[in-house]
Amino acid sequence: MRRALVTLVVGEAYRRRFAAHAAPVLRAYAKAHGLSLVVLDRLLDDSDIGRSRSPAWQKCLIFRHPKLRACGQVAWLDADILVRPDAPSVFAGVAPEAFGAVDHFGSPTPEVFARARATIRDYQARHGITAADEATPRAFYGRYGYADGPDRVAQTGVLVLSPEAHGPLLEAAYREGRRPDGREMLFEMRPLSWHLLRGSPVHWLDPRFNTLWSTALFAHYPFLADPGFRAAWRERPDLFVDLKARCLAACHAGAHFLHFAGTAEDMAAFRPPTP
């Protein structure tokens with residue numbers, strides 16, 4: 001079966017960051033597993049709707065690309081992911097009729113996710129940031145206007161998909177517009193997770209295939225986000241950068257794919273391990 005990895009990089013700043021940090025390891029991973037690599041550098045939908053939304057929505061249209069439509073399976077990876085070249089195949093065990101994804105509320109475990117979420121809410125409260133309470137999948141989908149929904153949430157930064165089984169579901173998600181697009185809505189994630197889980201069997205991937213740095217940060221290294229802690233290093237910013245690099249290295253060591261969703265600026269702080 002022909003398989004491919006696909007990502008999208010639009011905009012000069014994103015291209016530079018992808019080329020500097022993600023592309024080399026992604027190419028090595030594709031070569032190690034005999035996979036094609038497709039890096040899209042323009043919008044698949046260049047209409048007013050396509051340009052008005054975050055490029056993240058374009059993942060819903062990947063099967064409009066002839067090279068991807070000809071594959072038996074593809075793995076979508078957001079461009080802010082660092083792949084370990086020695087990671088196992090993300091396709092392993094995923095049947096073509098099922099889609100593969102990591103359980104958002106259960107990654108890396110339900111307990112760690114809940115701890116990170118509680119720390120984030122405490123941080124927001126201390127800094128006067130108002131945020132919606134989305135403690136359950138029902139609340140998560142409800143915020144987008146769904147009266148009902150699946151009892152789990154697929155984190156859509158890493159997805160294993162097939163054209164026939166999932167192309168129509170992706171297109172249906174793209175047509176959604178119940179709420180204005182924005183980071184607080186997590187762009188395409190709510191409607192895409194809803195449509196995939198309602199319309200397809202799912203193979204839940206090992207959480208290491210979509211290790212969120214933001215979850216690890218607030219679950220294990222919350223001091224890195226504390227303004228007071230950062231201020232203490234004002235005279236030696238190099239030491240703070242070194243500390244963050246060590247925390248990132250520890251997180252990366254336990255991951256297959258390290259995902260910098262919402263924290264892409266921290267990709268520059270990561271130091272690849274030396275052989």
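The values are calculated or read from the model by the stated rules, or taken from the named source; none is laboratory data. Not measured: the values here are computed from a predicted model. Virtual Cβ from ideal backbone geometry, glycine too; neighbours counted across all protein chains shown. Please note that ligands, DNA and RNA were not included when accessible areas were found on the heavy atoms of the full protein model with its side chains. Shrake-Rupley method; radii C 1.70, N 1.55, O 1.52, S 1.80 Å.
Within segment 132-150, take every residue that is without any contact (Cβ under 8 Å) to a residue 12 or more places away in the chain and open to solvent by less than 50 Å² (accessible area, probe 1.4 Å) and give me the one that is nearest to the chain's Cα centre (by Cα).
In this case the residue turns out to be 134.
Can you report the number of residues in segment 166-197 which are under 20 Å from residue 66 (Cβ atoms) and buried (at least 18 other Cβ atoms within 10 Å of the Cβ)?
If we filter segment 166-197 for residues that are under 20 Å from residue 66 (Cβ atoms), which is where we start, we get 166-171, 174.
Next, from what is left, pick out any that are buried (at least 18 other Cβ atoms within 10 Å of the Cβ): 166-167, 169-170, 174.
Looking only at that region, the number is 5.
Among (1) under 24 Å from residue 267 (Cβ atoms); (2) within 15 Å of the chain's Cα centre (by Cα), there is one condition residue 12 misses while meeting the rest; what is its number?
Residue 12 satisfies every listed condition except (2).
Have a look at 148, 80, 122 and point out the one that is over 24 Å from residue 266 (Cβ atoms) and out of contact with any Cys (no Cβ under 6 Å at 6 or more places or on another chain). Steps first, answer last, please.
Working: 80 fails: over 24 Å from residue 266 (Cβ atoms); 122 fails: over 24 Å from residue 266 (Cβ atoms).
None of the others qualify; the one that does is 148.
For segment 36-46, what are the residues that are closer than 11 Å to residue 8 by Cβ, part of a loop (DSSP other than H, G, I, E, B) and touching a Leu at 6+ places or on another chain (Cβ under 7 Å)?
Within segment 36-46, 44 is the sole residue that qualifies.
Pick from segment 104-131 the residues that are free of Cβ contacts under 8 Å to residues at least 60 places away in the same chain and of a type in the set (A, V, I, L, M): which of them is nearest to residue 210 (Cα to Cα)?
Among those residues, the one meeting the criterion is 114.
What are the residues in segment 111-131 that are hydrophobic (A, V, I, L, M, F, W, C) and either under 23 Å from residue 193 (Cα atoms) or within 21 Å of the chain's Cα centre (by Cα) (or both), if any? Step through it out loud before you land on a result.
Residues of segment 111-131 that are hydrophobic (A, V, I, L, M, F, W, C), as a first pass: 112-114, 116, 118, 120, 125, 129, 131.
Residues satisfying the conditions are 112, 113, 114, 116, 118, 120, 131.
Restricting attention to segment 71-115, which residues are within 19 Å of residue 37 (Cα to Cα), open to solvent by less than 50 Å² (accessible area, probe 1.4 Å) and not hydrophobic (A, V, I, L, M, F, W, C)?
72, 73, 78, 80, 89, 100
On the basis of being within 22 Å of residue 16 (Cα to Cα) and touching a residue at least 60 places away in the same chain (Cβ under 8 Å), does residue 53 make the cut?
Details: within 22 Å of residue 16 (Cα to Cα): yes; touching a residue at least 60 places away in the same chain (Cβ under 8 Å): yes.
Answer is yes for this residue.
With the requirement that a residue be in a helix (DSSP H, G or I) and aromatic (Phe, Trp, Tyr), what does segment 155-197 give you?
Passing the criteria: 174, 194.
Would you point out the residue of segment 202-239, among those that are touching a helix residue (DSSP H, G or I) at 6+ places or on another chain (Cβ under 7 Å) and without any contact (Cβ under 8 Å) to a residue 12 or more places away in the chain, that is most open to solvent (accessible area, probe 1.4 Å)?
230
Can you name every residue in segment 47-79 that is closer than 23 Å to residue 179 by Cβ and in a loop (DSSP other than H, G, I, E, B)?
47, 53, 54, 78
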